[in-house]
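Input: a single structure, listed below in structure tokens.
Read the figures in this text as sums done on the coordinates, not as results from a lab. No experiment lies behind these values; they were computed from the predicted model shown. With ideal geometry, Cβ positions are generated from the backbone for all residues, glycine too; neighbour counts draw on all protein chains shown.
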Amino acid sequence: MLDLPFGQGLVFLVGLGIIGYGVALGIRAWTEKFREQLSAEGQSGDAGTAYLWLGKIGHAAKGVALSIVGGLFCYAAVTHDPKKSGGLDQALREVLDQPFGPVLLVLVGVGIGCYGLFSFARARHLSR
């Protein structure tokens with residue numbers, strides 16, 4: 001794709017789009033916009049508090065992971081090296097190679113697990 005006319009620009013724009021979605025997930029976590037997806041029952045009591053924390057942590061972690069993927073796409077476009085772009089697995093490998101990488105990787109993994117648990121809660125307490 002990078003060798004096509006405007007290929008680098010397109011890959012860079014895709015990377016920016018992925019980063020934008022990651023940032024949107026982070027904003028969604030901060031503002032708790034995801035609460036709209038849960039019924040009142042899903043937001044009340046101790047279970048509701050847990051669901052909200054899972055949603056907050058999960059959306060933030062997913063946003064961070066996707067922003068890293070988008071960053072790799074942008075980096076690949078700038079360096080004109082398609083091997084530099086990759087999916088979530090390559091993004092997580094990049095995190096692992098950083099100082100405190102294993103700790104960061106565990107935090108991102110726990111966060112994505114929280115997103116998964118929130119998804120179960122959302123399926124059970126879907127707001128209609």
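Result for the chain in a Gaussian network model with C-alpha springs under 10 Å: among Glu94, Glu41, Glu32, the largest mean-square fluctuation is at Glu41. What's the FRET efficiency of Phe6 with Leu88 using the Cβ-Cβ distance as r and R₀ = 30 Å, to the nearest 0.05? The formula returns an efficiency of 0.70 here. Taking every alpha-carbon pair under 8 Å whose residues sit at least 6 apart, the stretch 7-124 reaches a relative contact order of 35 percent.
If you take the alpha carbon atoms of the stretch 7-124 and fit the smallest convex hull around them, that volume is 102 Å³ per residue. Put a dot 7 Å past the Cα of Ala50, heading toward its Cβ, do the same for Ala24, and the two dots end up 3.1 nm apart. The sum of -39500 (n - 2.57) across all DSSP H runs of n ≥ 4, divided by the residue count of the chain, sets its helix-only mean residue ellipticity at 222 nm to -26000 deg cm²/dmol. Put simply, the amide H of Leu38, placed in the peptide plane, has neighbours under 5 Å in Ser127, leaving out anything fewer than 5 places away on its chain.
Neighbour counting of Cβ atoms within 10 Å sorts the residues Phe100, Phe12, Phe118, fewest neighbours leading, into Phe100, Phe12, Phe118. The residues Tyr115, Tyr21, when put in order of fewest to most other Cβ atoms within 10 Å, stand as Tyr21, Tyr115.
Exposure proxy shown here: for Lys33, Lys62, the number of other Cβ atoms within 10 Å sets the order, fewest to most, as Lys33, Lys62.
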